[in-house]
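Since the structure comes first, as structure tokens, the remarks are kept for the end.
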Amino acid sequence: MDILHISGFIGAFLIGIVLGLIGGGGSILTVPVLVYLMGINPVTATGYSLFVVGVSSLIGAFINMRKKLVQVRTAFVFAFPAFVVVYIMRRFVMPAIPENLFSVGEIVVTKDHVIMVFFAVVMLITSVSMLRNKKRNILTNVSHYHYHILFLEGILVGVIAGFVGAGGGFLIIPALVLFAKLPMKKAVATSLLIISINSLVGFAGDVGVMQIDWDLLLLFSGISIFGIFAGSYLSNRADGKKLKKGFGWFVLVMGVYILVEEFMKL
């Protein structure tokens, strides 16, 4: 085991700690850790990420269910279109995309390049959502559930999760607050159930069409889960808002780094 692999497993632990500390966001680092530290190609890394995100989010969802914070009915209204789309993306769409998409002169743009650039954009959007301090005082303006809007946004989340292996919490949580009238704490808790369903169904789409190193994946996931419990313990002694903002800046820097790295490869 070389130094990069050891760094990758340390990264898995840190991903879990972030998830435990601030309740989300850490999974956005799973693909970069798998690609740049573990040496896994981006397509496979997005599949592995779905598994890691799905398992860790499911644990968080169960914890919140015991606290009666999860709105199961709302979760399934959102999750149904999302997991249908993410399964189709992973089972049929992603394998059908050619490795070399197009070329401009001597520059060849590959599927791996596009995945990582799009993932970097998702990271930048996520970082902005973490850094914003806008107060959530919009619930009083919503008179009824907008299930049709939740359904449409579920489709969008399915596309993003299927393409880059990210949970899409930055889209799910605002939608639950705006259109399902959930208080922020319940929106965050409910989003974990949605993310777990989407991610694990999406990963199921990879089984059979992708060669999976189960030993590596289960070890990586186990270390992340251990980090979640460590982060949950530390969360009682840390300022969640400051941590979230600091992590937001870190995700922003990582997003810019990935963009630069991928354009340098062209």
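The values are calculated or read from the model by the stated rules, or taken from the named source; none is laboratory data. Remember, it's a predicted structure, so these values are computed and weren't measured experimentally. Here the Cβ positions follow ideal geometry from the backbone for every residue, glycine too, while neighbour counts run over all protein chains shown.
Cβ contacts < 9 Å: first residue more than 19 Å from Val18 (Cβ to Cβ), restricted to region 56-68; second residue in a helix (DSSP H, G or I) and β-branched (Val, Ile, Thr), any location; separation 6+ or different chain. Result?
Pairs found: Met65/Val72.
Within region 96-118, can you find the residues that are closer than 13 Å to Val43 by Cα, of a type outside the set (A, V, I, L, M) and in a loop (DSSP other than H, G, I, E, B)?
Pro98, Glu99
Assuming Ile59 fulfils every condition listed in (1) modelled with pLDDT of 90 or more; (2) under 25 Å from Asp206 (Cα atoms); (3) of a type outside the set (Gly, Ala, Ser) apart from one, which condition is it?
It fails just one condition, (1).
Picking from Tyr48, Tyr87, which residue would you name as being modelled with pLDDT of 90 or more, buried (at least 24 other Cβ atoms within 10 Å of the Cβ), at negative phi and assigned to a helix (DSSP H, G or I)? Spell out the reasoning first.
Working: Tyr87 fails: buried (at least 24 other Cβ atoms within 10 Å of the Cβ).
Selected residue: Tyr48, the only one of Tyr48, Tyr87 that is modelled with pLDDT of 90 or more, buried (at least 24 other Cβ atoms within 10 Å of the Cβ), at negative phi and assigned to a helix (DSSP H, G or I).
Going through Ala120, Ala175, Ala166 one at a time, which residue ends up being modelled with pLDDT of 90 or more, crowded, with 18+ Cβ neighbours inside 10 Å and under 28 Å from Arg91 (Cβ atoms)?
Values: Ala175 fails: modelled with pLDDT of 90 or more; Ala166 fails: modelled with pLDDT of 90 or more.
Answer to the check: Ala120.
Looking at region 245-257, I want the residues that are modelled with pLDDT of 90 or more and have a partner that is in a helix (DSSP H, G or I) and among the small types (Gly, Ala, Ser) with Cβ atoms under 6 Å, at least 6 apart or on another chain. Which pairs are those?
That search, which allows pairs on different chains as well, returns Leu252/Ser127; Gly255/Ala120.
Mind listing just one residue for me: the one in region 152-200 that is in a loop (DSSP other than H, G, I, E, B) and not hydrophobic (A, V, I, L, M, F, W, C) and, of those, farthest from Val84 (Cα to Cα)?
If we filter region 152-200 for residues that are in a loop (DSSP other than H, G, I, E, B), which is where we start, we get 165-168, 180-183.
So of that shortlist, the ones also not hydrophobic (A, V, I, L, M, F, W, C) come out as 165, 167-168, 181, 183.
Working: Gly165: 15, Gly167: 15, Gly168: 15, Lys181: 24, Pro183: 27 Å.
Restricting to residues being in a loop (DSSP other than H, G, I, E, B) and not hydrophobic (A, V, I, L, M, F, W, C), the top hit is Pro183.
Looking only at residues in region 201-234 that are in a helix (DSSP H, G or I) and free of Cβ contacts under 8 Å to residues at least 12 places away in the same chain, which one is farthest from Phe51 (Cα to Cα)? Break it down into steps so the answer makes sense when it comes.
Within region 201-234, the first condition is being in a helix (DSSP H, G or I), and the residues that meet it are 201-206, 214-234.
Among the residues that remain, those that are also free of Cβ contacts under 8 Å to residues at least 12 places away in the same chain are: 214-215, 218, 222.
Details: Trp214: 11, Asp215: 13, Leu218: 9, Gly222: 11 Å.
Filtering region 201-234 for residues that are in a helix (DSSP H, G or I) and free of Cβ contacts under 8 Å to residues at least 12 places away in the same chain, the one farthest from Phe51 (Cα to Cα) comes out as Asp215.
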